[in-house]
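Right, one structure below, let's go through it.
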Amino acid sequence: SKLLISAGPTREALDPVRFLTNRSSGKMGFALAEEALARGAEVTLVSGPVALSTPRGARRIDVESAEQMAAAIKSTLPGMDALIMAAAVADFRPQNIASHKLKKGDRNAANLELKRCPDILAEVVPEARPRVVVGFAMETSELLSGASAKLEAKNLDLIVANDLSQAGAGFAVDTNAVTILDRDGGADELPLMSKRAVAGRVLDRVVALLTALLLLLLPACGGEDNDDNGPTWPPSVAGPLQAGVAGGTLDLPVGVPLGGYTDRDRALGN
Ligand code: CTP
């Protein structure tokens, strides 16, 4: 399968030497890339500025600003099976980028005017939505309600709710404590574990969703259900798909034409 993963912070320039950014280290997104590669996926990693080496086998695209990240995602999204947005994208950037280093004495130097950055999940992804879209929610309070509001507002399949106020979770550390929310109201609260292990749990869910969609699209195959009444649920399953489920791999057949959201909804029984 083809997987697009975003990671790290963005930097929003103020002048040639200063920028606004956040504490994201990129570790969660890179762990997702490593785990997906280990499972046989083809991974494109769009990364903000981080101090991490490229996972072996990943195609990496480095960006700085939210606008650059939006452009990189827009151009790489077509043909992807799933997108996981683990990047901590800035919501605001300076209204003006000074061409010279701002001086203490500059008029308005102490007043920073900001404008909105593009919301990549809400504004860019719908143009070429892959079958499965996963977001992260960074919260310091009201974790689950905040995360589920984002799941709805950004039309996500899953959201990984990340409680930044919890010890050992969030930015810069190698562990994380998250709850994975889905569209059916399910909330899978995971204990504190390594980011690589969290990545594995998230990818298990992505594989399950992709597999459910493929099962829906398969005509009844190889079984007794060979009348013309269309597929039954659960349908008969061909070998490669069963291997995908049992092995937890991302090595699913690709290129199946699919209408997107409506089919996904049907697959999930909504
Ligand atoms: N995100 C995005 N584009 C942005 C900001 C965020 O695509 N400009 C994505 C993040 O990558 C993440 C999800 O949206 O997967 C939620 O990000 P988060 O920072 O938690 O929430 P926001 O949407 O920025 O909302 P708020 O600032 O109100 O918490």
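The values are calculated or read from the model by the stated rules, or taken from the named source; none is laboratory data. Predicted model only: the values in this text are computed from it and were never measured. Note that each Cβ is placed from the backbone with ideal geometry, even for glycine, and that neighbours are counted across all protein chains shown. For accessibility, only protein heavy atoms count, side chains too; no ligands or nucleic acids. Shrake-Rupley method; radii C 1.70, N 1.55, O 1.52, S 1.80 Å.
Some values worked out for this structure:
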{"read-out": "Out of R18, R23, sole residue that is open to solvent by 70 Å² or more (accessible area, probe 1.4 Å), within 15 Å of the ligand (Cβ to nearest atom) and closer than 23 Å to A172 by Cα", "value": "R23"}
{"read-out": "Filtered residue count, segment 69-88, keeping only those that are out of contact with any strand residue (DSSP E or B) (no Cβ under 9 Å at 6 or more places or on another chain) and either open to solvent by less than 20 Å² (accessible area, probe 1.4 Å) or within 12 Å of the ligand (Cβ to nearest atom) (or both)", "value": "2"}
{"read-out": "All positions within segment 1-15 that are within 16 Å of the ligand (Cβ to nearest atom) and under 15 Å from the mean Cα position of the chain (by Cα)", "value": "L3, L4, I5, S6, A7, G8, P9"}
{"read-out": "Given (1) within 16 Å of the ligand (Cβ to nearest atom); (2) within 13 Å of the chain's Cα centre (by Cα), number of the condition D91 does not satisfy", "value": "(2)"}
{"read-out": "Unmet criterion (only one of (1) assigned to a loop (DSSP other than H, G, I, E, B); (2) more than 16 Å from the ligand (Cβ to nearest atom); (3) open to solvent by less than 80 Å² (accessible area, probe 1.4 Å); (4) not hydrophobic (A, V, I, L, M, F, W, C)) for N96", "value": "(3)"}
{"read-out": "L217 under 15 Å from A82 (Cα atoms) and open to solvent by 10 Å² or more (accessible area, probe 1.4 Å)", "value": "no"}
{"read-out": "Restricting segment 99-125 to residues that are more than 9 Å from the ligand (Cβ to nearest atom) and part of a strand (DSSP E or B), the residue that is farthest from A71 (Cα to Cα)", "value": "L114"}
{"read-out": "Matching residues in segment 99-125 - criterion: being open to solvent by less than 90 Å² (accessible area, probe 1.4 Å), under 30 Å from P78 (Cα atoms) and of a type outside the set (D, E)", "value": "K115, C117, P118, I120, L121, A122, V124, V125"}
{"read-out": "Which listed residue is in contact with a Ser or Thr (Cβ under 6 Å, 6 or more places away or on another chain), open to solvent by less than 40 Å² (accessible area, probe 1.4 Å) and not basic (K, R), from A7, A31, A36", "value": "A7"}
{"read-out": "Among the candidates R60, R56, residue that is open to solvent by 10 Å² or more (accessible area, probe 1.4 Å), in a strand (DSSP E or B) and at negative phi", "value": "R60"}
{"read-out": "Pairs where the first residue, in segment 118-130, is more than 24 Å from E12 (Cα to Cα) and the second is more than 8 Å from the ligand (Cβ to nearest atom) and of a type in the set (S, T, Y), C-beta under 8 Å, 6+ apart", "value": "R129/Y261"}
{"read-out": "Some residue of segment 173-194 being of a type outside the set (A, V, I, L, M, F, W, C), at positive phi and modelled with pLDDT of 95 or more", "value": "yes"}
{"read-out": "Residue match in segment 8-16 (condition: touching a Leu at 6+ places or on another chain (Cβ under 8 Å), closer than 23 Å to E139 by Cβ and part of a strand (DSSP E or B))", "value": "yes"}
{"read-out": "Every residue from segment 126-162 that is surrounded by fewer than 19 Cβ atoms within 10 Å (Cβ to Cβ), more than 10 Å from the ligand (Cβ to nearest atom) and of a type in the set (D, E)", "value": "E127, E142, E152"}
{"read-out": "Residue in segment 49-61 that is within 14 Å of the ligand (Cβ to nearest atom) and among the hydroxyl-bearing types (S, T, Y) present", "value": "no"}
